[in-house]
Every structure is written in structure tokens, then in C-alpha cells.
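The values are calculated or read from the model by the stated rules, or taken from the named source; none is laboratory data. Everything numeric in this text was worked out from a predicted model, so none of it was measured. Don't worry about glycine lacking a Cβ; one is built from the backbone with ideal geometry, like all the others, and counts go over all protein chains shown. Surface areas here come from the heavy atoms of the whole protein model, side chains and all, with no ligands, DNA or RNA. Shrake-Rupley method; radii C 1.70, N 1.55, O 1.52, S 1.80 Å.
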Amino acid sequence: MSRLSLVVAGIDDTVPDVRRLVLAPADGGELPSYTPGSHLVLDVPSGPGRERALANAYSLVGESLHPSSYEIAVLRCDPRGGAAGGSAWVHALRTGDPVTATTPRSSFAPVQPATRHLLVAAGIGITPLVSHLRFHARWGREAELLYLHREGRGAFITEIDDLTDGSASCFHDRVSLLARLRERLLDQPIGTHLYTCGPTGFMDLVVAEAQAAGWPSSRVHLEHFGLDDLDPGEPFDVTVGEQCFEIASGVSLLEAMEKQGYAVPNLCRQGVCGECRLELGPATTGVWHRDLYLSDDDKAAGDCAMACVSRALPAADGRAHLEVLL
Amino acid sequence: MTSPVTASAPHPPHYTSVPDWTREPVVQPADPLGRVHTVIEVVGEDPAATAPVVAGWVAGLDGRDVRHRACPDTAAAVAALEADLVTAKVGHRVLVAGSADACLAVRAAGVRGGLADDEMAFGVVSVETRTVWCVHCSAATVAKLALDDVVACSGCERGLLVYPHVSRRTGRHLGFMVDAEEA
Ligand code: FES
């Protein structure tokens, strides 16, 4: 996979616990343009507190057309609280440090024919929506933002103010955001699309409110943030060659295969880096992909899966099975 | 070995642009999650056919905001839908009862008005008639036709093959001169 060689060109720690990082090409010049809502996967080397190398996905928040640098914003996550250590590594970077990353990948783009965009963010989930807002401001598209963040901890407040001409609504508690959201969901002209990013529990609430207001699923778009609280899923079984075993709820296919002694290449263990891709055979009943790596066509083909996040979907008879081809 | 080459038309890559309900009459269910429902009844020649479809939907949506628009023909149906969509909010659903030909035309108006596929449902009462758009002269020909039939274009009289492709934005089948390559 092609990697970009970057260096840390700027650091902004103004907002507590949120580090904004500017990454420039190591040898100067321009970086590839990207679709708003795209993310970058950073290589996180192993080191103190990190037994093995990691790969973390971060949304790009800067200018998406002909950028001379990339910008991301990373929330501090304490390894003592169970974080894998990627965030701590970013928070320890210094200006001039080298960083390698994939080229940007799009997984959460604004819908082109939409006539209006309703954006709902919580916390660091604002990041992909900042690049949406830049895009809408540039092309004169109608957009509305509801943003939930802790008081004094809002990231991108001044940019958001500029990009929305002060029309964005900020909230410091879920209850008031939900009350406003409920009103706004009832008053969007046909052609509007809804985008939400934040913790899974928050997005579930937004989706439930949208459903209750009669929104069809084709108008509702979510950006999941890594594995933070991915659904544990139902148990399913797997065959690898002659061997057959069961994957319990809450255990990933990758973990189960490692336990059986298979060496599956992996890096991020959260569906973003592409290392753990497995080919699947025809006995597979269905795939719940959940990754941010495979293209829609790959997913539709149903003949591959990412071991770290994908699970089997049951067939009509209730049997859930993946046939892994090694 | 000889391979049996019989079809003169290029083979379509897939048939997904032609909805199943234009091949046989299907009544799709109303979506109970919608807040407001416009029910367009394109009465056409056979009011006895659309009435029970509409009655079924209306009964199922009891207690919801349902706007029944009975329209004598497709043009009136398109106008009624367009008028409703001017003020429609997300949460709106559109149900169309009528011939497949009328449903395709009203669906096209819905697509142009910004409706998504999961905001529309169709109750098809007949599938005999199709509208074919001629790629040579742009005339529309309406006739009792099956896919892959040949029909004389109402504009230029060319023999048009009814190609299995329907435009989402017009609701018409694509028609082009049969054996054009050899002409
Ligand atoms: S390990 Fe990165 S996608 Fe699975």
C-alpha cells in the first residue's frame, strides 16, 4: 500500500485534550486532494506503552483541494483507561517529527444531489464535519450544524463560526441538543441529508430521533470512530480449510483465528488499515463488514472481509457462517 | 463449434433500471414510518382497479396525515405530486397507484423533486403499456409493449427496439432503431 512521508509542521494544543496537528510532505510540494469527510491512517510505531505497532484513522479537517498540508485533530485518550496508545503517541509528537500515513480515504462524503445538509456532531466527532462545512461554504450549499461539546472544550469553534456565518448551534448537554434536534428534524425540506459523527451511543440517539421523525435510512449517514464501542455482535461459526470453530459475541474473527494459531497480518485492529483482509468462499452466509477500508463494490461482492471487525450475517435459516479461504 | 448469436441488440449489462413492478403488477406496502403520505391515484381507464389499492393503503395508514389525490391521467398526477413536493419535509412518503407506465412517470417526477427510492412505493394494476423514447428523434411512443419488442416510432417511424432500460428522470424506456448497425 502506498505510504506518504510527512513531517509534523504545526501543533496547536489550545483546546484542552485536543491536539491539532499539521502534517506537511517531507519533501515539500502538494499533497493529494481528497473528498470532504475523508480520513488518513497514521502508522503508529511500537514504543513505550505500545507493545506492537498500531494504525489509527483520523478525519482530515483542513482544505481538501490541492492541500499543501494535511490537518487532523486528535482527542487525548488515556492508555490507563484502555486506549491502545495511538492518541498518546500523537500527543507526544514534536514539530519536525516524521510521520507516515496512507493517502486519504473517503468513507463519509456529502451526498452530491442533496439540496441541504443537516450535520450533528458530538465531541471530537466534529472533525469530519468541519471538512463538510468547508465544502458547503465553498460551493454555497445549504448546511446546518448542531454541535454538542463540553463547555470550554469545543474544537474548531472559530472556524465553524466563519464557515456557517454564525448559524451553528452549540450545546453543552445531550438533553438540549436532542430537544433542538427533534424540532429541526421535522422541518427539513425534501432533499435534505443528515450526517452524524460522535460516540456510538450518541449516534444511536440521533438515528432513533431521525427515524421517529420519519426519516428514511437513505438520508441518514454515520461515521463510526474506530472500535471504541463497536457492537459485540452475535456468535457465528467459521471454517478455515478443514477446521471449524465458533466465534463468541464480543470476540473478533482476528482474535479467534490468532487463538487457533493462524498468523493473520494486522495493524490497526479497527477496520481502517486494510492489513487483515481475508478472502471468503461461497459457503459464507453473509458479511457484516463494518470496516472503513473496503470499497462499496468489494462489500457488495461479499467475497472478502476484514478479520478485525467483520462478522457473519445469518442466512434465512438463522445460520451465520464465514468460509475463510487462506 | 458455432455459438448461437441471435440477438441483434447489444446485451444490457443488467436489468436493474427496469423495476420488477413493470413486468407484473405488484402492490408495495406503505411505509408506516412516514409522517405525511401523499397517495396519488392515477385512475386512468379502470377506476375499479386502483380503488382497492388505495383503500388498502389508507386503511393501513389510519391516523396518519394522508393526502389522497385522485387524478384522471398521468399529467394530472405529476402536477399533483409536484405541487405537494413544494412544501414537503423529510418524513414525507409518496404512494402511487396506477398502471406501470403511469407509475414510472410519477416516479420520475418524484426523483426530479428530490425523493429517494425509499420514500416512494407503487401499487401497479397493469403492465401492458410502456412509453418508449426514441434516441433518434426524441419522440415518445406509447403502446402496449413488452421489453425487446419492436415498435414504429410515433415521430420518425423507425422500427424501435424497446431496450430494457428506463430513465429514472423521465420514466421512459430507451428505444433505438433495430439493426441500426446493419442499416
Ligand atoms: S487490522 Fe487493520 S483493517 Fe483489520
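Evaluating kT/(6 pi eta Rh) at 4 °C and 1.567 mPa s, with the Kirkwood radius of segment B:130-182 over Cα pairs in the Stokes-Einstein relation, gives 123 µm² s⁻¹. Loop sites here are GluC sites (Glu not before Pro) outside DSSP states H, G, I, E and B with no more than 15 other Cβ atoms within 10 Å. The longest part of chain A free of them is A:52-150. Restriction of the trypsin sites (Lys or Arg not before Pro) in segment A:66-123 to DSSP coil positions whose beta-carbon has at most 11 other beta-carbons within 10 angstrom yields A:Arg94.
Placing +1 on the Cβ of every Lys and Arg and -1 on the Cβ of every Asp and Glu, with nothing else charged, gives the protein assembly as shown a dipole about its Cα centre of roughly 880 debye. Peptide A:184-192 shows a mean partner chain C-beta count of 5 within 10 Å per residue C-beta. Shielding of peptide B:26-35 by partners, expressed as the average count of other chain Cβ atoms within 10 Å per residue Cβ, is 2.
Calculated on the alpha-carbon coordinates, the convex hull of segment B:45-98 measures out at 73 cubic angstrom per residue. For chain B, averaging the sequence separation of C-alpha pairs within contact (under 8 Å, six or more residues apart) and dividing by the residue count gives a relative contact order of 22 percent. Residue ranking by accessible heavy-atom surface, 1.4 Å probe, largest first, among B:Lys144, A:Lys259 comes out as A:Lys259, B:Lys144. Summing Lys, Arg as +1 and Asp, Glu as -1, what charge do residues with Cβ under 14 Å from the Cβ of A:Val130 carry, A:Val130 excluded? Summing Lys/Arg as +1 and Asp/Glu as -1 gives -4. Over chain B, how many percent of alpha carbon pairs lie in each 10 Å bin up to the one with the longest distance? In whole percents, the pair-distance histogram is 10, 35, 31, 16, 7, 2, 0.
Of the residues B:Val162, B:Ala140, B:Gly175, the one whose Cα sits farthest towards the positive end of the charge dipole of segment B:130-182 is B:Ala140 (charges of +1 on Lys and Arg Cβ, -1 on Asp and Glu Cβ, taken about the Cα centre).
Modelled label positions at A:Asp78 and A:Ala53, each set 7 Å beyond Cα in the direction of Cβ, lie 3.0 nm from each other. Ordering A:Pro232, A:Pro16, A:Val130 by Cα displacement along the dipole of chain A toward the positive end leaves A:Pro16 in first place; charges were set at the Cβ atoms of Lys, Arg (+1) and Asp, Glu (-1). Roughly speaking, to the nearest percent, how much of segment A:16-96's 1.4 Å accessible area is carbon and sulfur? Answer for segment A:16-96 is 51 percent, counting heavy atoms of protein chains only. In segment A:1-127, the inverse of the mean reciprocal separation of distinct Cα atoms equals 15.4 Å; this is its Kirkwood hydrodynamic radius. Under a model in which nothing but the beta-carbon of Lys, Arg (+1) and Asp, Glu (-1) is charged, segment A:3-106 shows a dipole of about 320 debye around its Cα centre. Computed with a 1.4 angstrom probe on protein heavy atoms, the A-B interface buries about 1200 square angstrom of accessible area in total. About its Cα centre, segment A:229-325 has a charge dipole of approximately 140 debye under the convention of +1 per Lys or Arg Cβ and -1 per Asp or Glu Cβ, with nothing else charged.
Per residue, the accessible area of the protein assembly as shown comes to 46 Å², computed with a 1.4 Å probe over protein heavy atoms only.
Note on segment A:116-223: Cα-Cα pairs beyond 25 Å make up 12% of the total pair count.
Surface composition of chain B: carbon and sulfur atoms hold 56% of the protein heavy-atom accessible area at a 1.4 Å probe. Diagonalising the gyration tensor over the Cα atoms of segment A:83-174 and scaling each eigenvalue by 5 before taking the square root yields semi-axes of 26, 19, 13 Å, largest first.
What value in Å³ per residue do you get for the convex hull of the alpha-carbon atoms in segment A:201-282?
In segment A:201-282, the Cα convex hull volume per residue is 139 Å³.
Take chain B and mark each of the GluC sites (Glu not before Pro) that is in a DSSP loop with at most 15 other Cβ atoms within 10 Å; the longest unmarked stretch, sites excluded, is B:46-127.
Just the Kirkwood number for segment B:72-172, please: inverse of mean 1/r across all distinct Cα pairs, in Å, one decimal.
Averaging 1/r across every pair of different Cα atoms and inverting gives 14.4 Å.
The helix-only estimate of mean residue ellipticity at 222 nm for chain B, built from DSSP H runs of length n ≥ 4 each weighted as -39500 (n - 2.57), is -7000 deg cm²/dmol after division by the residue total.
The C-alpha atoms of chain B define a longest principal axis, and helix B:100-112 lies at about 70 degrees to it. Here chain A was treated as a single set of alpha-carbon atoms; its pair distances binned every 10 Å from 0 give 5, 24, 32, 25, 12, 1, 0 percent.
Determine by what factor the alpha-carbon radius of gyration of segment A:229-325 differs from 2.2 N^0.38 Å, reporting the quotient.
Working it through for segment A:229-325, the quotient is 0.96.
Close amide-amide hydrogen proximity is noted between A:Gln188 and B:Val90, each under 5 Å apart and 5 or more residues distant or on a separate chain (H modeled in the peptide plane; Pro and chain starts excluded). When the charge dipole of chain A is built from unit charges on Cβ atoms (+1 for Lys and Arg, -1 for Asp and Glu) and taken about the Cα centre, the candidate among A:Ala121, A:Ile160, A:Cys268 whose Cα reaches farthest toward its positive end is A:Ile160.
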